[in-house]
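Have a look at the structure below before the remarks.
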Amino acid sequence: MRYAVLGTGTVGRTIAAKLASVGHEVVIGTRDPKATLVRTEPDGYGNPPFAQWLADHEQIRPESFADAAAWGETVVNTTSGAVSLQALEAAGAANLAGKVLIDIANPLDFSQGMPPSLNPVNTDSLGEQIQRAFPEARVVKTLNTMNSQIMVEPSRVAGEHTVFVSGDDAGAKQAVTDLLVSFGWPESNVLDLGDISTARGTEMLLPIWLRLWGALGHADFNFHIAGA
Ligand code: NAP
């Protein structure tokens, strides 16, 4: 399968590398590939420059958001949640039409400082905004409720723990569930919450996730829905 991962941050790199390691063809999308490749400074989270990461992942090709989305059979949104709609607009509605669009982004709003708030929240979600903006895409919200390392290596957390999926298209959710299983998730731990409006709930887990991160002092934890 050809995957286009839109986003060059921690999550994009982690998901792209995992997809390649389980045998998929992968491109990684960025606003301006040339500009991204010449960056020499660590990013805002201290990650090494993208070119350094790419040198260790030669099978992964950087492309513009549009070229990546046009090439991919499945598209993954790992862009900053505050700008995901802009990034997907740049990817192009025609390049997303009919495709499974896996949305991992969280709409964190840092404009009022730390901790971030959510925008949208309560009566809307980024997942829904994306589905409304790109009605022909088959949006599935998933993996946004945990640290990126756990997304691709669930065994980092001992015992049973849960990954949620939200989306309007049952076939798309099954395809994403199969992908999660290939990442190491037991199918019994994939919890289908229902339509894309259920993304409100998973995005609204972020405030408690962030506080747990602070309280525990590490990110190797996840939610477990007992009795599911
Ligand atoms: P990030 O720093 O939030 O986002 C990086 C990406 O956003 C880059 O590809 C960047 O494009 C793009 N971007 C930035 N400004 C843009 C703009 N104005 N227009 C279009 N694109 C723009 O990366 P991250 O930390 O990997 O997080 C990715 C997403 O996953 C976020 O929504 C985050 O909330 C969510 N998430 C993160 C984690 C985690 O463990 N970090 C866990 C769960 C969910 P360029 O490539 O061109 O620079």
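What nm distance separates the two modelled labels at residue 182 and residue 1, each placed 7 Å from Cα along Cα→Cβ?
If labels sit at residue 182 and residue 1, their model points lie 0.5 nm apart.
Hey, which lysines would be in cross-link range of residue 173, C-alpha to C-alpha under 18 Å, not counting anything within fewer than 8 residues on its own chain?
99, 141
Round to a whole angstrom and tell me the spacing of the C-alpha centers of segment 211-228 and segment 74-148.
Their Cα centres are 23 Å away from one another.
Tell me the GluC sites (Glu not before Pro) within segment 1-106 that lie in a loop according to DSSP and have at most 12 other beta-carbon atoms within 10 Å. Mind showing how you got there, number by number?
On the way: sites: 25, 58, 63, 73, 89; in loops: 58, 73.
Hits after loop and neighbour filter: 58.
Lys/Arg Cβ at +1, Asp/Glu Cβ at -1, dipole of segment 2-216 taken about the Cα centre: which of 171, 52, 207 is farthest positive-ward?
Going by the Cα projections, it comes out as 52.
Let me spell out the model: positive unit charges on the Cβ of Lys and Arg, negative unit charges on the Cβ of Asp and Glu, origin at the Cα centre of segment 2-216. What dipole size does that give, in debye rounded to 20? Walk me through the numbers before you get to the answer.
Working: 15 positive and 24 negative charges, 60 e Å.
Rounded to the nearest 20 debye, it is 280 debye.
If a/c stays under 1.5 just call it rounded; otherwise compare a/b with b/c (prolate if a/b is bigger, oblate if not). Do that for segment 77-209, with a ≥ b ≥ c from the square roots of the Cα gyration tensor eigenvalues.
Details: a/c = 1.73, a/b = 1.12, b/c = 1.55.
It comes out oblate by the Cα gyration axes.
Using the Karplus curve 6.51 cos²θ - 1.76 cosθ + 1.60 with θ = phi - 60°, what ³J(HN,Hα) values do you get for each residue of segment 113-123, in whole Hz, with x for Gly and Pro?
After applying 6.51 cos²θ - 1.76 cosθ + 1.60, I find x, 9, x, x, 9, 10, 8, x, 7, 6, 9 Hz.
Arrange the residues 213, 53 by how much accessible surface each exposes, largest first, with a 1.4 angstrom probe. Intermediate values should be presented prior to the final figure.
Numbers: 213 125, 53 30 Å².
Greatest to least solvent exposure: 213, 53.
In deg cm²/dmol, rounded to 500, what helix-only [θ] at 222 nm does the chain give when every DSSP H run of at least 4 residues adds -39500 (n - 2.57) and the total is split over its residues? Intermediate values should be presented prior to the final figure.
Working: 11 runs with 85 residues, N = 228.
So the calculated ellipticity at 222 nm is -10000 deg cm²/dmol.
Which percent of the accessible heavy-atom area of segment 2-216 goes to carbon and sulfur, probe 1.4 angstrom?
Working: 5030 of 9640 Å².
Of the solvent-accessible surface of segment 2-216, carbon and sulfur hold 52 percent.
Using a 1.4 angstrom probe, figure out how much accessible area segment 2-216 has per residue, in square angstrom, rounded to the nearest whole.
Numbers: 9640 Å² over 215 residues.
Result: 45 Å² of accessible area for each residue.
Please name whichever of 26, 197, 38 sits farthest to the positive end of the charge dipole of the chain, dipole taken about the Cα centre and charges placed at Cβ: Lys and Arg +1, Asp and Glu -1.
Positive-end residue among those listed: 38.
By accessible area of protein heavy atoms, probe 1.4 Å, what ranking do 173, 18 get, highest first?
Details: 173 20, 18 45 Å².
Descending accessible area places them as 18, 173.
The values are calculated or read from the model by the stated rules, or taken from the named source; none is laboratory data. Since the structure is predicted, the reported quantities are computational estimates derived from the model, not experimental observations. Backbone-built Cβ (ideal geometry, glycine too); neighbour counts: all protein chains shown. Please note that ligands, DNA and RNA were not included when accessible areas were found on the heavy atoms of the full protein model with its side chains. Shrake-Rupley method; radii C 1.70, N 1.55, O 1.52, S 1.80 Å.
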